[in-house]
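Attaching a single structure in structure tokens format; questions to follow.
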Amino acid sequence: MTPDRRRARAGRMFVAPNLGALAVFMLFPLGFSLYMSFQKWDLFTPPKFVGVANFRTLFTADPLFLIALRNTAVFTVGTIVPTLLVSLAAAAILNRKAKAIGIFRAIIFVPLAVSSVVMAVVWQFVFNVDDGLLNTMLGWLGLGPVPWLIDPGWAMVSLCVVSVWKSVPFATVVLLAAMQGVPETLHEAATIDGASELRRFVSITVPLIRGALSFVVIISVINAFQAFDLVYVLTGGNGGPETGTYVLGIMLFQHAFAFLDFGYASALAWVMFAILLALTVLQLRFARRMSLEI
Amino acid sequence: MSGPTERVIKRSVVRAVALYAALIGMAWCALFPILWALSGSLKTEPGIAEPNLFPAHPQWSNYARVFSLMPFWRMLGNTVLYACCVTLGQVFFCSLAGYAFARLRFRGRDTLFVLYLATLMVPLTVTVIPQFILMRAFGWTDTPWAMIVPGLFGSAFGTYLMRQFFLTLPTDLEEAAVLDGCSPWQIYWRILLPHIRPAVMVLAVLTWVNVWNDFLWPLVMIQRRDIATLTLGLVWMQGQYVSRWPVLMAASILILLPLLGVYGFAQRAFVRGITLTGFGGR
């Protein structure tokens, strides 16, 4: 056997187990999910073909879908906008040269490793109305008490607060890495021209880390749009109080694993996938247009 | 002394103080929920309302109660077992396939790689339901197999990551070995794998933390306490002992500690992995 053929055979063998897993646990489920979205199926009786009925119900006859869509949009915006603002500032601060800055970075990035479930339990304790830390501290300022997880509106605010706490370190890590790639000489030149620090940040740093910003936005949209763990644990699994935190992830879980309506849940999953794809494409277009203008 | 120099020194002192104040403020924001949980885990149930960070009489017995209220060690063992199996499998099969995609030419390779990239776009929400039905068809629901096998043979994400690292290695490393008559396996195992140890570390840490923190999959797969993971155990406990904060916080801290240990040990690899992949932004 020639070395080239030997290498080709080895290549196929090395990929085979991985490809097998991809086919069984990814490609087959993908196709099967699409098939299910046109069926009515509770796992115990044979599936029944219903055409596009699942999708039609979703868009025309299920008021909860619109509520979930609205809540998810609010949650996504309420997570991403504060995350971007805070992490831009945080990355700018952490980008300085100072003693012990490495230790500060390590501490500030701790939430990266912490699981959403544990943090949701811990934040419940922080949000506790009667004796939670947040209301106690607001009390010192003469404010509150705020019904954090009890009032539907405030429950969404609470959810966003925890989500921001969790995603700021991620965004900061990515933005900081990008900022470290901005050449020092640009800043020096601008300083000589008399540009203030804020001015230099807005006109030099931010445009140069556009790519990283766009990356952070895309990943954060994908994560926020599918939020489940945090919501399930923080507000009790039903998207309550009332429908205050009823997001698409919770709706999907309920229809599949509580109501055993697998066809309907699969249709919902594909609608979510389609919206996510559209948002990602729009975002990439927008980012490209921005880069052309600048 | 000249005035301007003094002013410059004063300004740089003010700036340094402001910088450290900002850093300390940020560190506090990142840590206060965890510190508050630690403090709460050492308080008594009636004393939970006191807003002091350091309880006067730390109640270590809360931790002992966690062990009696949930099978903590069992769940810890399960979680470690699942995390280790999946991590080892991911690292091995993804690096093997990543090497093939980067260096070994075979027909259909590039088409196949595009397929891998395309599956990266598929969100978890679409695959979780059919995967659940698949596990049910295999008879694996409520068994450890459901927690281990789907992740054991690698993933598109890991393969992509490893391929990118293999591409950065110089080809002459390999050419010399080919001339010496090494087989592709020997080249992978003896020569290239030692060179991409940092990449292996990145993938291993990301996978380990991800399995440790996973919640949706164990939630739909597992009902039995004796094969449950720690996150699942915590949520069950939260449902059973509503508002019994000291015990809940003690359990949370116990679940956090091994993670913080891994983070402290592999912080660089972890942060690097997140910068490269956006993984773990959840």
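Rule-based calculations on the coordinates, nothing more; no lab input. Just so you know, these numbers come straight off a predicted model, no measurement behind them. Note that each Cβ is placed from the backbone with ideal geometry, even for glycine, and that neighbours are counted across all protein chains shown.
Just add up the charged neighbours of B:Met201: K/R +1, D/E -1, any other residue whose Cβ is under 14 Å from the Cβ of B:Met201. Kindly include the intermediate steps, with their values, before the conclusion.
Values: positive: B:Arg197, B:Arg268, B:Arg272; negative: none.
Net of charged neighbours comes to +3.
Can I ask one more? Can you give the local net charge around B:Val13? Use residues other than it whose beta-carbon is closer than 13 angstrom to its beta-carbon, Lys and Arg +1, Asp and Glu -1.
On the way: positive: B:Arg7, B:Lys10, B:Arg11, B:Arg15; negative: B:Glu6.
Neighbourhood net charge equals +3.
At a Förster radius of 45 Å, what calculated FRET efficiency corresponds to the Cβ-Cβ distance of B:Phe265 and A:Arg56, to the nearest 0.05?
Working: r = 53 Å, r/R0 = 1.18.
After rounding to 0.05, the efficiency reads 0.25.
Hey, another quick one. For region B:220-277 and region A:160-220, what is the separation of their Cα centres, given in Å?
If you average the Cα positions of each part, the centres end up 32 Å apart.
Shifting gears a bit: State which stretch of chain A is the longest one without any exposed chymotrypsin sites (Phe, Trp or Tyr not before Pro), exposure meaning a DSSP loop state and at most 15 other Cβ atoms within 10 Å. Before the final figure, lay out the partial values.
Values: sites that count: A:Phe44, A:Phe259.
Of all site-free stretches, the longest is A:45-258.
Calculate one ³J(HN,Hα) per residue across region B:89-101 by plugging θ = phi - 60° into the Karplus curve 6.51 cos²θ - 1.76 cosθ + 1.60, and present them in order as whole Hz with x for glycine and proline.
x, 4, 4, 5, 6, 6, 6, 4, 5, x, 4, 4, 5
Determine ³J(HN,Hα), in whole Hz, for all residues of region B:230-241 in sequence, where each value follows from phi through the Karplus function 6.51 cos²θ - 1.76 cosθ + 1.60 and θ = phi - 60°; x replaces Gly and Pro.
Taking θ as phi minus 60°, the curve returns 5, 4, 5, x, 5, 5, 4, 5, 4, x, 8, 10 Hz for region B:230-241.
Just to confirm my numbers, what's the Cα centroid distance between region A:103-117 and region A:26-56 in Å?
Each part's Cα centre sits 40 Å from the other's.
Ignoring everything except DSSP H segments at least 4 long, calculate the 222 nm mean residue ellipticity for chain B; use -39,500 (n - 2.57) per segment, divide by total residues, nearest 500. Display every interim value, and only then the final one.
Numbers: 12 runs with 202 residues, N = 282.
After summing the helix terms and dividing by the residues of chain B, the value is -24000 deg cm²/dmol.
Something else about it: Just to check I understand the Karplus step: with θ = phi - 60° and J = 6.51 cos²θ - 1.76 cosθ + 1.60, what whole-Hz values come out for region B:74-79, glycine and proline as x?
4, 5, 4, x, 4, 4
Scan chain A and note any complete DSSP helix (H) whose C-alpha atoms cover at least 30 Å along its axis and whose Kyte-Doolittle average is -1.0 or more.
A:63-94, A:152-179, A:262-293
Next up: Rounded to the nearest 0.05, what FRET efficiency do A:Arg288 and B:Thr171 have when you use their Cβ-Cβ distance and R0 = 35 Å?
Numbers: r = 34 Å, r/R0 = 0.96.
My answer for the efficiency is 0.55.
For A:Arg6 paired with B:Arg197, estimate the spin-label separation in nm (one decimal), with each label point 7 Å from Cα along the Cα-to-Cβ line.
The modelled label-to-label distance comes out at 2.8 nm.
Just to confirm the filter: which trypsin sites (Lys or Arg not before Pro) across region A:93-133 are DSSP coil and have at most 10 other Cβ within 10 angstrom of their Cβ? If you can, show how the numbers build up before the last one.
Working: sites: A:Arg96, A:Lys97, A:Lys99, A:Arg105; in loops: A:Arg96, A:Lys97, A:Lys99.
Counting only loop positions with at most 10 other Cβ atoms within 10 Å, the trypsin sites (Lys or Arg not before Pro) in region A:93-133 are A:Lys97, A:Lys99.
Here's a follow-up. Give me, ordered by chain and number, the residues 5 or more places off A:Gln39 or on other chains with an amide H under 5 Å from its own placed amide H.
Under 5 Å from the amide H of A:Gln39 lie the amide H atoms of A:Val50, each far enough along the sequence or on another chain.
When only C-alpha pairs under 8 Å and at least 6 residues apart count, what is the relative contact order of chain B, in percent? Mind dumping the intermediate values first?
Values: 257 pairs, mean separation 86.7, N = 282.
The value is 31 percent.
Of A:Lys97/A:Lys166; A:Lys99/A:Lys166; A:Lys166/B:Lys10; A:Lys40/A:Lys166, which ones are farther than 30 Å apart at the Cα?
Numbers: A:Lys97/A:Lys166 25 Å; A:Lys99/A:Lys166 26 Å; A:Lys166/B:Lys10 37 Å; A:Lys40/A:Lys166 38 Å.
Check vs 30 Å cut-off fails for A:Lys166/B:Lys10; A:Lys40/A:Lys166.
Can you give the FRET efficiency to the nearest 0.05 for A:Ala23 and A:Val206, using r as the Cβ-Cβ distance and R₀ = 45 Å? Before the final figure, lay out the partial values.
Values: r = 43 Å, r/R0 = 0.96.
Efficiency for this residue pair is about 0.55.
So what's the net charge close to A:Leu43: Lys and Arg +1, Asp and Glu -1, counting the other residues with Cβ under 13 Å from its Cβ?
Counting the neighbours of A:Leu43, the net charge comes to +1.
Largest first and in whole Å, what are the equivalent-ellipsoid semi-axes of region A:161-219 based on the Cα gyration tensor, each being the root of 5 times an eigenvalue? Intermediate results must be reported in sequence, preceding the final value.
Numbers: eigenvalues 138, 27, 16 Å².
They are 26, 12, 9 Å, listed from largest to smallest.
Mean separation of Cα pairs under 8 Å and 6+ residues apart, divided by the residue count of region A:50-293: what relative contact order is that in percent?
On the way: 232 pairs, mean separation 67.6, N = 244.
Relative contact order for region A:50-293 comes out at 28 percent.
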